[in-house]
Amino acid sequence: MNDLPETSCSNDGVDLETVDYLRGVKSSTCLLLPMTPSPTPLDFKHPLSEEANEGQFLEDDSKITNLQNSDVSAGDSSSSGDSNSVVQDPVSAQLINNISMLDYQTLSKNGDLIIGQTEGCKINGNLNVNKRKLPSFVNWNWLIIRKVLLWVVLSGLVACLGAIIAMVITIPKSCNPDLPWHQGKVFYEVFPASFKDSDNDGIGDLKGLTNKLNYIKELGCIAVRLNYIFEAKDYPTHYNNTTSLLKIDRSLGVLKDFQDLVKAVHDKGMFIILDIPVLSMVAPITSLNPNYTILFENNSSLSFNDQMSSAIAFWSRVQNVDGFYLKNLENFVDEVYFAKTLQTWKHIIGNGKILIASEKAFELSNGDSLTVLLNRIDLIDVHLNLSKGIKGLKSHIEKIVTGTLWAKPHYPWIHWNIGNINSERISTKHVNNTLALTALELVLPGTVSLFYGDEIGLGGFSQNEVEDDFHEFKNIHNIVKMTFADKDNNSVGFSQWNSKPITKPKFHYMEVIKRIIDIRLTTPTIYLRAIYKDGSVLKNMEIRKTEENLVVIERWYPRRNTCVYVANLGNTPITTDLSTMFYGGTIVAGTNSSLVGQVLYFDRVTFLPNSAIILKLEK
C-alpha cells in the first residue's frame, strides 16, 4: 500500500496543474477499501472544471446506496489469504466498514474550493455542494495582518507595563488621612508692628512681613494670623482702640501692601487670617441704621446695615482673606441676634474659610446660641498656662478632650496656644520650660498656634513688673520686637518703637521645633484629633497619671505607631519606672537633639528637669 502514489485515483479530465497541486495533499483521492487491494482508476473530471456539471459530479441517492451495498459484498468475497488485505481480521473489517468516508476539501492555487469524491469510497449521507468561491477574507494578506496585530499586542503590553511602573514610582510612601487646611496644622500668630521693619521708621510693617514669609513657611506653619492691623488711635501702642474695620492703620502700610501680602501668602500655599474685634451684632434693617456698601471687582455690590458684616464681606470676599478670629465675641453671647449673626457671617465668608472663637465664648454660650456656635465656628481657641501648676494644666487638657467638643465629628476643632497677644510670654513666666511647653502643645489633638518669637524663646516684661514699675508697657509688655539670626547666628533686628526683648534669643530652639512640627504634620497619630467609628467619636489621647511634675501623654491611631510625650516640667530630675505603661520606644524628637534615634526602655529611667521627649513605640 505504501508503494502506491498519493493520488491513486486519477481523472483524465483533470489538468496537470491541478494534479501537481494536489500531489502534496496527504489524504488520497481514493481510500483503500477492503473489496479491492488495487482499485481501478475512476473516470471523472475535475469537479470545478467547466466541463463538469452537477449531474455528472453528484450521484443520486439510489446509486450511492447500491454502490455501498456492492462494496459490502465485495468485501465479503475477498480472499482471506491475501496478506495485503486489511480485512483479514473480521473485527478490523467491521471497523473499517463502519467508518464514514466524507468528501474531502482542498484549495487550488487560484483559491477555488475543490471537493473531491471517488466512486469507490463509502459516503455517509447525501452530498449537495454547488460550485462556489471561498469568502474574500481568505485572500487577505494575512502575513501583514499577523505582523500588525503582533505589534499592537506588544505595544499594548509595553504601555501597560509603563503605566504600572509609573504608578509604582508615583504612589505615596504613606497613605495618611487628609484634612481641611485648618485642621491639625500649625498657625503662626504675628503682630506686624513688631515683626519686621522695611522702611526703617521703627515700626514693623506689611512689606517687612511679606519679605519674611519664607521664614514662617520653613518653620512648617500653614497659616499666618495677623493681630490687630486696623486703624486705631495711637497705633501701635493702643492697637486695640479700633476706629475703622475697613482701613489698615497707616503705620503698617497701605491697602496695596496688604494685597501684595495676601497674594504672596497664597502663592506659597499658605493662608491668611485676621484678628477682627467684634463691635456689634447684626440688627433688623431700619431707616435709622447706617448703610454700608461693599463694591466688588465685577462692579457688583452688597449693602449691610452694620459695620461688622460689611467688614467681614470686604476682607473675605474682596481682599480674599481666609478667615477671622472673632475677638471679644464672648461679650455678645447673650445678645438676641447672636445666633443669627454667626449664621450671617458664616454665609458671607463662604465655604473653605473659617471663623475662630475663644474658649470663653464657648463656655458662656447656651441653648440656641451654643448650638449655632458649634455648627458655625470652625476653631475654638484654648490657652494653656501653668497658673494652676502642672496638675491644673493636666486637668484643663483632660476637660477639653473629654468634653462637648468631642461629641460630634463636625464640631469645632481646638486651636491650642501656649502664648498669644493677650497673655504673658512663655519665656517670661516659664523661662526654663519654654521648649518643653511648646513641644507639649505640638503633640495635642487639634490645631496649634505658635506666637511669634516663642520659637526662639523671646521674653518681655512680666505682669508684676508692668503693674509695679512699667505702667507704660501695660498693653505691649509681650509684643517685643522680633529678632532673626544671620549666617553667623547673630541677632538681627530693628530699632523698635517699644522695649527690647528681656531674654536673649535662643536660636537653637528653632531646629527642635521644626523637627517636632514636621513629625506632627506627617504622623496621623498626632495630627488627628480622634478616631471616627460607626458615627461615633472616640478619643485618641490620654494623659497618664504619674508624678506631679511629670507629664505623660499617649497618642494612638489604628494601624499606626503609638506616640508618647514625656516631659519633666519641674526643676529637679525624676527617676521612675513606666514599664507598666510601655515597654520602650525610639526617640524621634526632644529638647535634647542628641537623643534622637536612641531606643529608650521604661523599666527605670531618669528624666532631666525642664526636658521633654517624643517617642514612637513599636506596633
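The values are calculated or read from the model by the stated rules, or taken from the named source; none is laboratory data. Predicted model only: the values in this text are computed from it and were never measured. In this analysis, Cβ positions are derived from the backbone assuming ideal geometry, glycine residues included, and neighbour counts consider all displayed protein chains. Just the protein is used for accessible areas: all its heavy atoms, side chains included, with ligands, DNA and RNA removed. Shrake-Rupley method; radii C 1.70, N 1.55, O 1.52, S 1.80 Å.
Summary of values
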{"item": "One residue from 276, 272 being within 22 Å of residue 449 (Cβ to Cβ), over 33 Å from the mean Cα position of the chain (by Cα) and either hydrophobic (A, V, I, L, M, F, W, C) or not in a strand (DSSP E or B) (or both)", "result": "276"}
{"item": "Selection count where residues are in contact with a strand residue (DSSP E or B) (Cβ under 9 Å, 6 or more places away or on another chain) and part of a helix (DSSP H, G or I), scope the stretch 254-268", "result": "7"}
{"item": "Some residue of the stretch 283-300 being under 26 Å from residue 183 (Cα atoms) and exposed (fewer than 14 other Cβ atoms within 10 Å of the Cβ)", "result": "no"}
{"item": "When residues of the stretch 265-279 are limited to those that are surrounded by fewer than 18 Cβ atoms within 10 Å (Cβ to Cβ) and modelled with pLDDT of 95 or more, the one farthest from residue 207 (Cα to Cα)", "result": "269"}
{"item": "Any chance residue 368 is part of a loop (DSSP other than H, G, I, E, B) and either open to solvent by 20 Å² or more (accessible area, probe 1.4 Å) or closer than 22 Å to residue 543 by Cβ (or both)", "result": "no"}
{"item": "Pick from the stretch 224-247, criterion touching a Pro at 6+ places or on another chain (Cβ under 9 Å) and among the hydrophobic types (A, V, I, L, M, F, W, C), ranking: surrounded by the most Cβ atoms within 10 Å (Cβ to Cβ)", "result": "229"}
{"item": "The stretch 307-349, residues that are open to solvent by less than 50 Å² (accessible area, probe 1.4 Å), outside any helix (DSSP H, G or I) and farther than 25 Å from residue 259 by Cβ", "result": "333"}
{"item": "Pairs where the first residue, in the stretch 581-592, is hydroxyl-bearing (Ser, Thr, Tyr) and the second is open to solvent by 40 Å² or more (accessible area, probe 1.4 Å), C-beta under 6 Å, 6+ apart", "result": "586/599; 586/616"}
{"item": "Within the stretch 150-179, considering residues that are in contact (Cβ under 8 Å) with a residue 24 or more places away in the chain and surrounded by 10 or more Cβ atoms within 10 Å (Cβ to Cβ), the one nearest to residue 416 (Cα to Cα)", "result": "179"}
{"item": "Yes/no for residue 521 being open to solvent by 60 Å² or more (accessible area, probe 1.4 Å) and in contact with a Gly (Cβ under 7 Å, 6 or more places away or on another chain)", "result": "yes"}
{"item": "Filter result for residue 148 (modelled with pLDDT of 90 or more and in a helix (DSSP H, G or I))", "result": "yes"}
{"item": "Single match in 251, 244 (criterion: small (Gly, Ala, Ser) and either part of a helix (DSSP H, G or I) or without any contact (Cβ under 8 Å) to a residue 24 or more places away in the chain (or both))", "result": "244"}
{"item": "Residues located in the stretch 383-410, provided they are surrounded by 17 or more Cβ atoms within 10 Å (Cβ to Cβ) and within 32 Å of the chain's Cα centre (by Cα)", "result": "383, 397, 400, 401, 405, 406"}
{"item": "Among (1) in contact with a Leu (Cβ under 7 Å, 6 or more places away or on another chain); (2) in a strand (DSSP E or B); (3) within 30 Å of residue 404 (Cβ to Cβ) - the single one residue 587 does not satisfy", "result": "(3)"}
{"item": "Yes/no for residue 565 being open to solvent by less than 50 Å² (accessible area, probe 1.4 Å), of a type in the set (Phe, Trp, Tyr) and over 26 Å from the mean Cα position of the chain (by Cα)", "result": "yes"}
{"item": "Residue match in the stretch 355-373 (condition: within 30 Å of the chain's Cα centre (by Cα), of a type in the set (Gly, Ala, Ser) and at negative phi)", "result": "yes"}
{"item": "Members of the stretch 593-619 found to be in a strand (DSSP E or B) and either in contact (Cβ under 8 Å) with a residue 60 or more places away in the chain or among the basic types (Lys, Arg) (or both), listed by number", "result": "611, 612, 614, 616"}
{"item": "Any hit, the stretch 539-548, residues being under 21 Å from residue 426 (Cα atoms), modelled with pLDDT under 90 and surrounded by fewer than 21 Cβ atoms within 10 Å (Cβ to Cβ)", "result": "yes"}
{"item": "Members of the stretch 215-241 that are polar (S, T, N, Q) and free of Cβ contacts under 8 Å to residues at least 12 places away in the same chain", "result": "241"}
{"item": "Some residue of the stretch 202-223 being surrounded by 15 or more Cβ atoms within 10 Å (Cβ to Cβ), farther than 23 Å from residue 454 by Cβ and not small (Gly, Ala, Ser)", "result": "yes"}
{"item": "Considering residues of the stretch 128-145 that are surrounded by 10 or more Cβ atoms within 10 Å (Cβ to Cβ) and either of a type in the set (S, T, N, Q) or in a helix (DSSP H, G or I) (or both) only, the residue modelled with the highest pLDDT", "result": "145"}
{"item": "Failed criterion for residue 443 (all others in (1) open to solvent by 10 Å² or more (accessible area, probe 1.4 Å); (2) under 17 Å from residue 553 (Cβ atoms); (3) within 29 Å of the chain's Cα centre (by Cα) hold)", "result": "(1)"}
{"item": "Meets criteria (acidic (Asp, Glu), open to solvent by 10 Å² or more (accessible area, probe 1.4 Å) and more than 28 Å from the chain's Cα centre (by Cα)) for residue 455", "result": "no"}
